[in-house]
Amino acid sequence: MTDPALPQVKRDAHILIVEDEADSASFFQALMESEGYRTQVCGSGEEALTLLAAEGDFDLVLLDMLLPGVDGWEVLKHIKSDGKLRYIPVVVLSALAEKQHILRALEVGAEDFLTKPVDVETMLSRVRVMLRIRALYEDLVSERGGRQLAQRTLQMRRYLAKVMGGSAQVQELGDILDNVVATDATVLLEGESGTGKSLLAETIHRFSQRAGGPFVVVTCSAYPETLLSSELFGHEKGAFTGAIRQKKGRFEQADKGTIFLDEVAEISPLTQLALLRVIQDRQFERVGGEKTITADVRILAATNKSLSDMVEQGRFREDLFYRLNVVRLVVPSLRQRPEDIPFLAHYFLRSQRERLGKAIYGYSRGALSRLMNYAWPGNVRELRNAVEHAVLMCRGEVVENRHLPPALNHTGEAGEERAAASPSRLLDQERELIKDTLQKVNWNKYRAAQILGVARSTLYSKIRRYGLKPPKGA
């Protein structure tokens with residue numbers, strides 16, 4: 001018995017292009033048909049409404065907003081208010097890049113917004129993501145039934161695609177989330193630092209039945225053993241020196257919602273035992289208290305370490321591991337899903353452009369190649385930092401190589417080789433990059449972390465992982 005296939009883009013996906021400029025319409029049509037999609041082109045809002053009413057079997061609409069007569073806003077409102085059409089993804093095309101236009105389009109119901117002139121690779125990437133979402137919706141309606149289930153799952157997939165990309169690995173994560181978001185199952189997220197584990201935890205809560213309740217995050221490594229129990233379970237006045245008043249713990253604060261235990265591998269043995277009881281019975285006492293408190297919470301946990309290895313080493317309780325490991329999600333590193341890099345790079349660019357108020361609309365071919373060919377030891381977090389650095393350095397409308405952080409420019413002429421490298425080869429390159437950077441700054445780890453664009457804790461983890469040691473006297 002084989003696993004069901006991931007929803008794939010239909011070979012003959014039907015795309016409606018609504019564009020009044022003949023040259024642009026011809027360009028979009030040729031681009032879509034080069035990918036094997038079927039297209040229909042119309043040059044006005046009235047014609048678009050007529051086609052949608054007559055056929056309505058489109059898988060995607062590419063919609064220009066500045067149209068003669070009935071404009072794009074009216075077409076978009078019609079699509080999203082029609083029960084038969086509302087689940088057709090709409091990608092808005094506009095020469096107006098102001099934040100208010102983008103927000104208005106998304107509020108009306110558009111799935112995405114592309115600024116003209118469009119970047120070809122970005123457009124193709126977004127179209128593929130939207131068509132995958134459309135295929136998923138059709139599968140849900142035909143195989144499972146239930147419009148409400150389909151709608152919630154579709155919304156979750158749209159959100160996941162927006163913030164993580166549309167690669168097969170992200171789609172696989174979405175497949176698992178389809179089955180668990182509506183339950184109270186405990187989920188364990190494993191993966192390298194910076195891969196987006198906290199983002200996935202927030203996604204689970206956002207689309208769960210507890211979405212109306214609190215989402216409480218506890219970074220377990222941020223507290224010494226003496227304070228973590230108080231942070232999790234609260235304490236009574238006078239329980240210890242400095243406890244001048246009663247304090248509710250995070251589990252109480254998360255009642256009727258979700259608690260996310262990040263870096264759960266750092267919890268001490270004594271706190272592990274207390275946590276085991278909470279997971280089993282949802283009951284605990286405040287530090288220094290006798291009253292038993294019950295909390296109705298869903299528990300999510302994350303770690304960048306292998307808990308199963310820690311169990312074998314006697315560093316983590318086996319019974320607690322099994323309680324946390326009801327559903328396990330392994331979040332892939334960015335180098336394992338390079339097709340998401342352009343999507344995320346443009347997503348972060350739009351975010352930083354709006355935040356900083358800069359008119360930057362894309363990347364040069366060379367800069368995008370550098371982003372694609374870099375090993376990303378800090379994963380998505382490092383990519384976000386790199387884009388922020390580039391936007392700050394850029395004074396024109398396009399990000400060039402010289403605007404990227406120095407670490408990315410170390411790729412030199414080996415970009416093409418790196419693009420085709422195996423995961424093991426990428427790990428070797430990551431090790432050498434970290435080693436070279438440390439040597440250049442005389443093993444100043446604070447400076448090296450700045451150059452690499454990663455957190456110091458991530459750098460320390462990588463140094464241990466690769467067995468790197470400073471030369472004598474450094």
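Please treat every number below as a calculation from the coordinates, not as lab data. Just so we're clear, the structure is a prediction, and the values are computed from it rather than from any experiment. Note: ideal-geometry Cβ built from the backbone for every residue, glycine included; neighbour counts use all protein chains shown.
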Could you give the angle, 0 to 90 degrees to the nearest 10, between helix 340-356's Cα long axis and the longest principal axis of the Cα atoms of the chain? 90
Taking N as the number of residues in the range 181-330, the ratio of its alpha carbon radius of gyration to 2.2 N^0.38 Å works out to 1.01
Quick one: Karplus J couplings for the range 206-222, per residue in order, coefficients 6.51, -1.76, 1.60, θ = phi - 60°, nearest Hz, x for Gly and Pro? 4, 10, 9, 6, 9, 4, x, x, x, 10, 10, 9, 10, 8, 5, 6, 7
So which lysines pass the test for K237, namely a Cα distance under 28 Å, with those fewer than 8 places away in the same chain ruled out? K247, K248, K256, K291
In whole Hz, with x marking every Gly and Pro, tabulate ³J(HN,Hα) for the range 246-263 from phi via Karplus 6.51 cos²θ - 1.76 cosθ + 1.60, θ = phi - 60°. 5, 9, 6, x, 5, 5, 5, 5, 8, 3, 6, x, 10, 10, 10, 9, 7, 6
I'd like the FRET efficiency for D23 and K77, computed as 1/(1 + (r/R0)^6) with the beta carbon distance as r and R0 of 41 Å, rounded to 0.05. 0.90
Projecting the Cα atoms of T122, V217, L275 onto the charge dipole of the chain, where Lys and Arg contribute +1 and Asp and Glu -1 at Cβ, the residue farthest towards the positive end is L275
Spelling it out for G234: with amide H atoms placed in the peptide plane at 1.01 Å from N, the residues 5 or more places away or on another chain with amide H under 5 Å from its amide H are G249, R250, V287
With x for Gly and Pro, the residue-by-residue ³J(HN,Hα) of the range 396-408, computed from phi through the Karplus equation 6.51 cos²θ - 1.76 cosθ + 1.60 at θ = phi - 60° and given in whole Hz, is x, 9, 10, 6, 9, 3, 5, 8, 6, x, x, 4, 6
Calculated on alpha-carbon atoms, Rg and Dmax of the range 14-162 in Å: 14.5, 43
As a footprinting exposure proxy, order S461, S229 by other Cβ within 10 Å, with the fewest listed first. S461, S229
How large are Rg and Dmax for the range 97-241 when only the alpha carbon atoms are used, in Å? 19.7, 65
Once you have all Cα-Cα distances for the chain, histogram them in 20 Å bins from zero and send the whole-percent values. 21, 49, 27, 3
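When DSSP assigns beta bridges and you keep just the ones with both residues in the range 181-330, what percent turn out antiparallel, to the nearest 5?
Values: 5 of 23 bridges.
Looking only at bridges with both residues in the range 181-330, the antiparallel portion is about 20 percent.
Among the listed pairs K162/K197; K305/K440; K84/K116; K162/K305; K10/K80, which are separated by more than 20 Å between their Cα atoms?
Details: K162/K197 15 Å; K305/K440 29 Å; K84/K116 29 Å; K162/K305 27 Å; K10/K80 23 Å.
From K162/K197; K305/K440; K84/K116; K162/K305; K10/K80, over 20 Å: K305/K440; K84/K116; K162/K305; K10/K80.
Take every DSSP beta bridge with both residues inside the chain and express the antiparallel ones as a percent of the total, to the nearest 5. Don't skip to the end; give the middle numbers.
Working: 5 of 42 bridges.
Bridges in the chain that DSSP calls antiparallel: roughly 10 percent.
So if we plug the beta-carbon distance of S34 and E107 into 1/(1 + (r/R0)^6) with R0 = 45 Å, what FRET efficiency do we get, rounded to 0.05? Don't jump to the answer; show the numbers that get you there.
Numbers: r = 33 Å, r/R0 = 0.72.
Approximately 0.85, to the nearest 0.05.
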Report the local net charge at V187: Lys and Arg +1, Asp and Glu -1, summed over other residues whose C-beta lies under 11 Å from its C-beta. +1
Given charges of +1 on the Cβ of Lys and Arg and -1 on the Cβ of Asp and Glu, with all other atoms neutral, how large is the dipole of the range 25-86 about its Cα centre, in debye to the nearest 20? 200
Quick calc, the range 181-330, dipole around Cα centre from Cβ unit charges on Lys, Arg (+) and Asp, Glu (-), nearest 20 debye, gives 480
Show the residues, 5+ positions off or on another chain, whose built amide H is closer than 5 Å to the amide H of M65. L93
